[in-house]
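A.B. asks: Shown below is the structure under consideration.
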Amino acid sequence: CDGDSSSCAGCMDPDYTEYDSSATIDDGSCITLSSEYISVPQSFELLGAYPNPFNPSTTIRFQLPGQSNVTLDIYSLSGMRVFSTDFGNMVQGVYSYNFNAESLSSGPYFVVLNSIYGSESQKIFLMK
(Lines give C-alpha, C1' and ligand atoms only; values in the text may rest on other atoms or scores of the structure.)
Protein backbone atom coordinates (compact mmCIF):
# COMPACT_ATOMS: atom_id res chain seq x y z
CA CYS A 1 0.00 0.00 0.00
CA ASP A 2 1.42 3.40 -0.95
CA GLY A 3 -0.70 5.36 1.60
CA ASP A 4 -3.33 6.26 -1.01
CA SER A 5 -6.64 5.03 0.41
CA SER A 6 -8.01 4.40 -3.08
CA SER A 7 -5.39 1.69 -3.68
CA CYS A 8 -5.75 -0.01 -0.28
CA ALA A 9 -8.27 -2.43 1.13
CA GLY A 10 -10.08 -0.15 3.55
CA CYS A 11 -9.12 3.40 4.36
CA MET A 12 -5.60 4.34 5.44
CA ASP A 13 -5.12 7.31 7.76
CA PRO A 14 -2.18 9.47 6.60
CA ASP A 15 -0.85 9.51 10.21
CA TYR A 16 -0.25 5.74 10.07
CA THR A 17 2.19 3.41 8.35
CA GLU A 18 1.91 -0.33 7.78
CA TYR A 19 3.55 -2.71 10.25
CA ASP A 20 3.24 -6.45 10.70
CA SER A 21 2.58 -6.97 14.41
CA SER A 22 -0.03 -6.04 16.98
CA ALA A 23 -0.20 -6.34 20.74
CA THR A 24 -2.82 -6.85 23.41
CA ILE A 25 -2.18 -6.38 27.10
CA ASP A 26 -4.30 -8.47 29.45
CA ASP A 27 -5.02 -7.74 33.12
CA GLY A 28 -1.78 -9.48 34.12
CA SER A 29 0.21 -7.03 31.95
CA CYS A 30 1.07 -9.87 29.58
CA ILE A 31 1.59 -8.76 25.99
CA THR A 32 0.27 -11.06 23.27
CA LEU A 33 1.67 -10.53 19.78
CA SER A 34 0.08 -11.57 16.51
CA SER A 35 1.44 -11.28 13.00
CA GLU A 36 -1.05 -9.45 10.85
CA TYR A 37 -0.92 -6.14 9.04
CA ILE A 38 -2.05 -3.24 11.16
CA SER A 39 -1.59 0.50 11.05
CA VAL A 40 1.23 1.82 13.21
CA PRO A 41 0.73 5.31 14.59
CA GLN A 42 2.84 8.36 14.01
CA SER A 43 1.36 10.20 17.05
CA PHE A 44 0.70 9.58 20.75
CA GLU A 45 -2.99 9.20 21.53
CA LEU A 46 -5.40 7.68 24.03
CA LEU A 47 -7.88 6.14 21.59
CA GLY A 48 -10.61 5.69 24.15
CA ALA A 49 -12.34 3.08 26.22
CA TYR A 50 -15.08 0.78 25.05
CA PRO A 51 -17.65 0.11 26.15
CA ASN A 52 -18.17 3.40 27.94
CA PRO A 53 -20.22 3.40 30.18
CA PHE A 54 -19.10 -0.06 31.30
CA ASN A 55 -19.77 -2.81 33.86
CA PRO A 56 -17.43 -4.19 35.18
CA SER A 57 -14.67 -4.06 32.56
CA THR A 58 -13.65 -1.87 29.66
CA THR A 59 -10.91 -1.98 27.04
CA ILE A 60 -8.62 1.06 26.96
CA ARG A 61 -6.84 1.57 23.63
CA PHE A 62 -3.80 3.75 23.00
CA GLN A 63 -1.07 4.27 20.44
CA LEU A 64 2.61 5.16 20.61
CA PRO A 65 4.62 6.73 17.77
CA GLY A 66 7.88 5.31 19.13
CA GLN A 67 9.58 3.67 22.07
CA SER A 68 8.58 5.02 25.50
CA ASN A 69 7.97 4.12 29.12
CA VAL A 70 4.19 4.12 29.59
CA THR A 71 2.03 4.38 32.71
CA LEU A 72 -1.74 4.18 33.06
CA ASP A 73 -3.53 5.69 36.06
CA ILE A 74 -7.22 5.84 36.87
CA TYR A 75 -8.59 8.50 39.22
CA SER A 76 -11.92 8.93 40.97
CA LEU A 77 -13.90 12.14 40.62
CA SER A 78 -12.40 13.30 43.96
CA GLY A 79 -8.88 12.95 42.49
CA MET A 80 -7.88 9.79 44.37
CA ARG A 81 -5.80 7.37 42.29
CA VAL A 82 -7.73 4.08 42.36
CA PHE A 83 -5.58 2.13 39.89
CA SER A 84 -2.07 2.39 38.51
CA THR A 85 0.09 0.24 36.27
CA ASP A 86 3.52 0.76 34.74
CA PHE A 87 3.85 -0.99 31.38
CA GLY A 88 7.55 -0.22 31.26
CA ASN A 89 9.33 0.36 27.98
CA MET A 90 7.02 -0.19 24.99
CA VAL A 91 7.70 0.06 21.27
CA GLN A 92 5.75 1.88 18.57
CA GLY A 93 2.30 0.39 18.12
CA VAL A 94 -1.37 0.26 18.99
CA TYR A 95 -2.24 -1.36 22.33
CA SER A 96 -5.34 -2.49 24.21
CA TYR A 97 -5.57 -2.88 27.99
CA ASN A 98 -8.49 -4.68 29.66
CA PHE A 99 -9.37 -2.79 32.87
CA ASN A 100 -11.56 -4.57 35.43
CA ALA A 101 -13.32 -2.21 37.87
CA GLU A 102 -15.21 -4.90 39.77
CA SER A 103 -13.96 -3.60 43.14
CA LEU A 104 -14.87 0.04 42.43
CA SER A 105 -18.18 1.79 43.01
CA SER A 106 -20.36 3.24 40.27
CA GLY A 107 -19.51 6.67 38.98
CA PRO A 108 -17.17 8.69 36.78
CA TYR A 109 -13.43 8.01 36.60
CA PHE A 110 -10.56 9.55 34.67
CA VAL A 111 -8.05 7.51 32.68
CA VAL A 112 -4.61 9.17 32.43
CA LEU A 113 -1.98 7.76 30.07
CA ASN A 114 1.60 9.06 30.37
CA SER A 115 4.62 8.63 28.08
CA ILE A 116 7.62 10.66 26.92
CA TYR A 117 5.28 12.00 24.22
CA GLY A 118 2.96 13.63 26.76
CA SER A 119 -0.14 12.88 28.78
CA GLU A 120 -3.65 12.06 27.55
CA SER A 121 -6.83 11.69 29.60
CA GLN A 122 -10.38 10.49 29.11
CA LYS A 123 -13.49 10.28 31.29
CA ILE A 124 -15.04 6.83 31.73
CA PHE A 125 -18.20 5.87 33.61
CA LEU A 126 -18.72 2.68 35.64
CA MET A 127 -22.39 1.64 35.96
CA LYS A 128 -23.30 -1.22 38.29
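A.B. asks: Take every Cα-Cα pair in the range 41-128 and report what % of them are more than 23 Å apart.
C.D. replies: 19 percent
A.B. asks: Roughly how much of Arg61 is accessible, in Å² to the nearest 10, using a 1.4 Å probe?
C.D. replies: Approximately 80 Å² of Arg61 is accessible to the 1.4 Å probe.
A.B. asks: Taking 0.36 nm per residue of separation and subtracting the Cα-Cα distance, what length does fully extending Phe110 through Ser96 add?
C.D. replies: Gain in length upon complete extension: 3.4 nm.
The values are calculated or read from the model by the stated rules, or taken from the named source; none is laboratory data. The shown structure was predicted, so the numbers you read here are calculated from the model rather than taken from an experiment. We work out accessible area using only protein heavy atoms, side chains counted, and drop any ligands, DNA or RNA first. Shrake-Rupley method; radii C 1.70, N 1.55, O 1.52, S 1.80 Å.
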